Amino acid sequence: MEIRYATESDIEYLVRARLTFNDELRPDDHVHNEELATQFRNYLPNALTSGAFVGVLGFVDGVLVSTVFMVIRDMPANIAMPRGRNATLLNVYTLPEYRRHGYGAQVLDAALSRARDMDLDVVDLESTDMGRPLYESAGFVVRPLTPMRLTL
């Protein structure tokens, strides 16, 4: 597997991967795909160059088969984050026909290696039941706090 960190030249790979992930997560909801793609294309150039976004791409024989996206935030420091730097993983995804071959673990490891290099305090994610064993094997633990959200 060839693994690389995304650059501006990879924007279309990133957009396609995001839409593929969304389609699998919500197969009946394609209403906003073009709007999402446009927003993501507009977001990525500055986010990639500023270091606020890291995309990890995994290719097998020239085919993008696995991705991890990492959004980095700086915030006021606290006990759990003494440097005030955290990340959220998104789009941890492997094409169905490539699953259970270790590709997801390899791109996840590359993302976590970059997180360590960036001196991040914590990395968060939301997991499906299918993905949980992968994350637990990488050291992620379920936190006692219940995720909550207010949609505005």
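The values are calculated or read from the model by the stated rules, or taken from the named source; none is laboratory data. Since the model is a prediction, treat every value here as computed from it, not as a measurement. In this analysis, Cβ positions are derived from the backbone assuming ideal geometry, glycine residues included, and neighbour counts consider all displayed protein chains. Heavy atoms of the whole protein, side chains included, go into the accessibility calculation; ligands, DNA and RNA do not. Shrake-Rupley method; radii C 1.70, N 1.55, O 1.52, S 1.80 Å.
Net charge dipole, the chain: roughly 440 debye, given to the nearest 20, about the Cα centre with Cβ charges of +1 for Lys and Arg and -1 for Asp and Glu. Once you reduce segment 1-50 and segment 89-135 to the center of their Cα atoms, the two points are 16 Å from each other. For the chain, the solvent-accessible area of protein heavy atoms averages 63 Å² per residue (probe radius 1.4 Å; ligands and nucleic acids excluded).
Carbon-plus-sulfur accessible fraction, the chain (probe radius 1.4 Å, protein heavy atoms only): 54%. Stretched out straight at 0.36 nm per residue, the stretch from Asn33 to Ser113 would grow longer than its current Cα-Cα span by 25.7 nm. Legend: calculated FRET efficiency, Thr49 to Thr128, from the Cβ-Cβ distance at R0 = 41 Å, rounded to 0.05, equals 0.85. Helix content alone sets the calculated 222 nm mean residue ellipticity of the chain: runs of n ≥ 4 DSSP H residues at -39500 (n - 2.57) each, divided across all residues, give -11500 deg cm²/dmol. Could you check which residue among Val15, Val141, Val107 shows the biggest mean-square fluctuation in a GNM of the chain with a 10 Å Cα cutoff? With Cα springs under 10 Å in the chain, the top fluctuation among Val15, Val141, Val107 is at Val141. Of (1) 0.93; (2) 0.99; (3) 0.95, which is the value of Rg/Rh (Cα atoms, Kirkwood Rh) derived from the coordinates here? After the calculation, the listed value that fits is (3). Under the convention that each Lys and Arg Cβ holds +1 and each Asp and Glu Cβ holds -1, the size of the dipole of segment 11-78 around its Cα centre is about 280 debye. Quick one: among Met118, Met70, Met130, which has the greatest mean-square fluctuation in a GNM of the chain with alpha-carbon springs under 10 angstrom? It is Met130. Projecting the Cα atoms of Asn22, Ala37, Ala47 onto the charge dipole of segment 1-63, computed from C-beta unit charges around the Cα centre, puts Ala47 farthest toward the positive end. Note on the chain: with a GNM built from Cα contacts shorter than 10 Å, the maximum mean-square fluctuation among Val60, Val92, Val123 falls on Val60. For segment 84-127, the ratio of Cα radius of gyration to the globular rule of thumb 2.2 N^0.38 Å stands at 1.27. For trypsin sites (Lys or Arg not before Pro), the sites in segment 81-133 that DSSP calls loop and that have at most 16 other Cβ atoms within 10 Å are Arg83, Arg99, Arg100.
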